[in-house]
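**Student:** Have a look at the structure that comes next, please.
Taken together, the values in this text are just the output of simple stated rules run on the coordinates, not laboratory data. As the structure is a computational prediction, the values presented were derived from the model and not from experiment. Cβ coordinates were reconstructed from backbone atoms using ideal geometry, including for glycine residues, and neighbour counts include every protein chain displayed.
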Amino acid sequence: MKIVVTGATGFLGREVVLSALRRGHQVIALGGTRLPVIEGAQQALVLNLTDEIKLEALLLEEFPQAIINCAALATIDGCAQNPESADKINHFLPRQLAQLAFHVGAKIIHFSTDMVFNGETGRYQHTDMPSPLHLYGKTKAAGEVAVLKYGREHAAVIRTTLLNGNSPKGDRGLHERLFRDWAAGRPTLLFTDEIRQPVSLTNLADVAIELCERPNLSGVYHWAGADALSRHEMGVRIAQHFGLDAAKFVTASLRSSAPNLGIRPRDLSLQLHPLAGKLRTPVQAFDEQLGELRVPRGYEDWYEKETGRKVVRLLEKGIDY
């Protein structure tokens, strides 16, 4: 199968490309501003995804069997500061991709977010109505509607959550951001009353590729890990997993102490059925996800001094050389 992956230089996009290659597919990896450096990709291109003419020309020339959209302006602050870009990337780009996918008969997989919900109740079902608190959630919700409207039976939307995994530069994963604070001598304030359901990066990528391989599955789905946890519990368990003193590095806090409480959803836990019952890719518990994590790049010396554990790392093409 020929698969086009947008946002292939991003945290999730790169892993989606790797998952597709592991499963024997041809991949065209598109980066918005940087060239994706991923061994095995059929093509790696830099393309301004908001250039509708160039995007259409590429997809009509390649005629892929699937398109996976990992491109997004994916932060609350980034969308608030750049509302026009947020609308273009999170809403209009998915719409155009869905239109083109339908035209060429390709499956389109579009990643959305748990942030389309307001967090008041938690345990959200895939049929629940979005009620976002901020522009990021609003533009992602609009993107969902556009993909389903224009992609029709070829379209699948995956709402997901906090990504737990290793990034090439060691600065994007959940544990990597914690290491940045800890190595700088800053204990991390983490809420005991804010709930999320972290997902393994590789597991989520595998789900996207399996959906490409399953033309009978379309519509809106939820995918996350098995465990809904407070941010504080995540931090404690990550520290313990790496042999670090959680009491030294993680400080409990309450949401009432946050200055931007109004745009911080409280509980974004998700119900994973019906998708969890239809795929061969399993839902992963948080402990399984922890087993995939490695000490972030650049923190090896600090970690060895802190724990006495030696870090052994193999060189990776495209990252180390």
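**Student:** If I take every Cα pair under 8 Å that is 6 or more residues apart in the chain, average their sequence separation and divide by the length, what percent do I get for the relative contact order?
**Tutor:** Value for the chain: 17 percent.
**Student:** Rg and Dmax in Å for region 186-321, alpha carbons only: what are they?
**Tutor:** 18.0, 52
**Student:** Further, regarding this structure: How big is the chain in terms of Cα radius of gyration and Dmax, in angstroms?
**Tutor:** When restricted to the Cα atoms of the chain, Rg and Dmax are 19.4, 58 Å.
**Student:** Sticking with this structure for a sec: Give me the percent of DSSP beta bridges within the chain that run antiparallel, rounded to the nearest 5.
**Tutor:** The antiparallel fraction comes to roughly 5 percent.
**Student:** Provide Rg and Dmax in Å for region 46-149, with only Cα atoms included in the calculation.
**Tutor:** Rg and Dmax of region 46-149, Cα atoms, are 14.4, 46 Å.
**Student:** Something else: Amide H of ILE68 versus every other amide H placed in the peptide plane: which residues, excluding those fewer than 5 positions away on the same chain, fall under 5 Å?
**Tutor:** Correct list: VAL4, VAL5, THR6, ILE109.
**Student:** Quick one: net charge of ARG23's neighbours, Cβ under 15 Å, K/R +1, D/E -1?
**Tutor:** Net charge around ARG23: +1.
**Student:** Taking H as built 1.01 Å from N, whose amide H comes closer than 5 Å to the amide H of ASN118, not counting residues under 5 places away?
**Tutor:** It is SER131, by chain and number.
**Student:** In degrees between 0 and 90, to the nearest 10, how far off the longest principal axis of the chain does helix 135-151 point, with axes built from Cα atoms?
**Tutor:** That helix lies at roughly 30 degrees to the long axis.
**Student:** Quote the FRET efficiency, to the nearest 0.05, computed for LEU35 versus VAL145 with a Förster distance R0 of 30 Å and r equal to the Cβ-Cβ distance.
**Tutor:** Rounded to the nearest 0.05, the efficiency is 0.40.
**Student:** A further question on this structure: Let me check against my output: what whole-number percent is the relative contact order of region 211-286, with C-alpha pairs under 8 Å and at least 6 apart?
**Tutor:** For region 211-286, the relative contact order is 48 percent.
**Student:** Under a plain spin-label model, where a point goes 7 Å from the Cα along Cα-to-Cβ, how far apart in nm are ASP193 and ASN216?
**Tutor:** Distance between the two pseudo-spin positions: 4.7 nm.
**Student:** Using helices alone, what [θ] at 222 nm do you get for the chain, with -39,500 (n - 2.57) per DSSP H run of 4 or more residues, divided over all residues and rounded to the nearest 500?
**Tutor:** Counting only the DSSP helices, I get -10000 deg cm²/dmol.
**Student:** What would the Debye equation give as log₁₀ I(q)/I(0) for region 37-80 at q = 0.15, 0.29 Å⁻¹, counting only Cα atoms as equal point scatterers?
**Tutor:** Debye output, listed in q order: -0.54, -1.21.
**Student:** For THR307 and LYS248, compute 0.36 nm times the residue count separating them, minus their Cα-Cα distance, and round to one decimal in nm.
**Tutor:** That pair, THR307 and LYS248, stretches by 20.0 nm at full extension.
**Student:** May I pose another question? Using alpha carbons only, how many angstrom separate the centre of region 94-135 from the centre of region 45-90?
**Tutor:** Rounded to whole Å, the Cα centres lie 15 Å apart.
**Student:** Could you check the spin-label model distance between GLU84 and ALA57? Points 7 Å from the Cα along Cα→Cβ, value in nm.
**Tutor:** Going by the 7 Å Cα→Cβ label model, 2.4 nm.
**Student:** For region 148-203, count all C-alpha to C-alpha pairs, find those more than 15 Å apart, and express that count as a whole percent of the total.
**Tutor:** Taking all Cα-Cα pairs of region 148-203, the fraction more than 15 Å apart is 64 percent.
**Student:** So what is the relative contact order of region 87-224, in percent, for Cα pairs below 8 Å that sit 6 or more residues apart?
**Tutor:** Relative contact order of region 87-224: 29 percent.
**Student:** Amide H of ARG297 versus every other amide H placed in the peptide plane: which residues, excluding those fewer than 5 positions away on the same chain, fall under 5 Å?
**Tutor:** Amide H neighbours of ARG297: GLY170.
**Student:** Let me ask something else about it. Would you mind pulling out the separation of the Cα centroids of region 155-200 and region 222-291, in Å?
**Tutor:** 9
**Student:** With r as the distance between the Cβ atoms of MET129 and THR75 and R0 = 35 Å, compute the FRET efficiency 1/(1 + (r/R0)^6) and round to 0.05.
**Tutor:** So, using R0 = 35 Å, E works out to roughly 0.90.
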